[in-house]
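Just so it is clear, none of the values below were taken in a lab; they were calculated from the coordinates. As the structure is a prediction and not an experimental result, all values here were calculated from the model. Counting neighbours? That spans all protein chains shown, and the Cβs are built from the backbone with ideal geometry, glycine included.
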């Protein structure tokens, strides 16, 4: 069974806005001299240098790795110009193993641990703890986000948060309804059934054919 997808814009999960101001570009995506030297030492071509710098700046801004094709062109162009790379240089990897190696370098540089199993466990525990008191998925996702960040872990994908919030909220709500039903007396449980029976009888009476008046 599917789930109702929560809009990422309603949560605190990091994402690239459609419009990024010049101030935000300079604040979050300007490579420092140290960052440029670090990336240059770790790469062997312009494409990899640009890709690694975008990974580093995006990761520090967002706490996770966006797909390079999802990085807005204005961000790519800003970083490319900031480090004086040739026009038309694209952030691409020829091999996935290189991209994986660079992700490891970025995590080490950022001081963040990659442990998706532990991160998912924290997400599940924090959502389950709050689901009885909070019913909005966005609220549950935001609480879980904070816990994962506090643990110094890389964020799982947004769909992980969203699916868990929907699944656990459904389970907790069902448990609450079951608990209420179990605490009801036999007459209370029978009450709704009697009401439904009366409604059905009334409908049958109204639906019977009637003789026309002379």
**Q.** Gyration tensor verdict on the range 1-140 (Cα atoms; rounded if a/c is under 1.5, prolate if a/b is larger than b/c, oblate otherwise)
**A.** prolate
Q. For labels at residue 22 and residue 44 in the simple 7 Å Cα→Cβ model, what's the distance in nm?
A. 4.0
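Let a ≥ b ≥ c be the square roots of the eigenvalues of the Cα gyration tensor of the range 31-110; is it rounded (a/c under 1.5), or, if not, prolate (a/b larger than b/c) or oblate?
rounded
Can you put 178, 160, 113 in order, fewest other beta carbons within 10 Å first?
On the way: 178 10, 160 17, 113 13.
Ranking 178, 160, 113 by Cβ neighbours within 10 Å, fewest first, gives 178, 113, 160.
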**Q.** For 10, 107, 80, 97, order by how many other beta-carbon atoms lie within 10 Å, fewest first
**A.** 97, 10, 107, 80
